[in-house]
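Here's the structure, in C-alpha cells; my notes come after.
Here, each number is a calculation from the coordinates, and none is a lab measurement. Every value quoted in this text rests on a predicted model; they were computed, and no experiment measured them. Methodologically, a virtual Cβ is constructed for each residue, glycine included, from the backbone with ideal geometry; neighbour enumeration extends over all protein chains shown.
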Amino acid sequence: DMEELNRQCVNYIPFHFLSIEDVETFVLNIIITVPFGFLVPILYKCDWRKIIVSGILFGAITEIIQAGVEAFVGVNMHRIDMNDVIANFSGVVIGYAGYCLLRILLEKIFQNGNVKIECEKYLSDFCFLERYY
C-alpha cells in the first residue's frame, strides 16, 4: 500500500517518535550539528539571524540530499523526518549559544581595546589547533 510506504518513509509530524532509536537519532543529530553553530560565526562574520537561517537550511538541505541520494540509488535506507530538521536546527543554535558564551568569557579575560579582535583570534587559533589534536 503506497500510503503505508509513505508513512514509513516520511514523517512530517514534529516530535513524533516511533521508537527509542528515533529519540537516539534526534539527540545525535543535535550533537553532530553543534560544531556548525559554533564554527560558522568564527569563520564568517554573521549575526544571530544568519545563524537561525543557516540552521534551518542546514537541516532541510541535509534531508533533501539524503532523499535525493536514496532516490538516485533506488534504495530507501533513511526516513525523511521533520524531527531531524528540528534536531539539526537545535544543534546549530546550541553551538552558536556556546560560541556567544565563550566569546563573553574571553572578552572578560582579554580586557583591552581590541577585545573583539583578540577574542576572534583566540577562537580561530583554538579551532586551527584542534584539527591536529
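Taking other C-beta atoms within 10 Å as the exposure proxy, ARG49, ARG103 rank ARG49, ARG103 from fewest upward. Database remark: amide H of ASN11 closer than 5 angstrom to the amide H of ILE80, ASP81, MET82 (H placed geometrically; neighbours at sequence offset of 5 or more, or on other chains; Pro and chain starts carry no H). Length gained on full extension, ALA60 to VAL23: 11.4 nm, using 0.36 nm per residue less the C-alpha separation. Using the Cβ-Cβ distance between ALA71 and PHE15 with R0 set to 30 Å, the FRET efficiency works out to roughly 0.70. Of the chymotrypsin sites (Phe, Trp or Tyr not before Pro) found in segment 30-68, those that fall in a DSSP loop while having at most 16 other beta-carbon atoms within 10 Å are TYR44.
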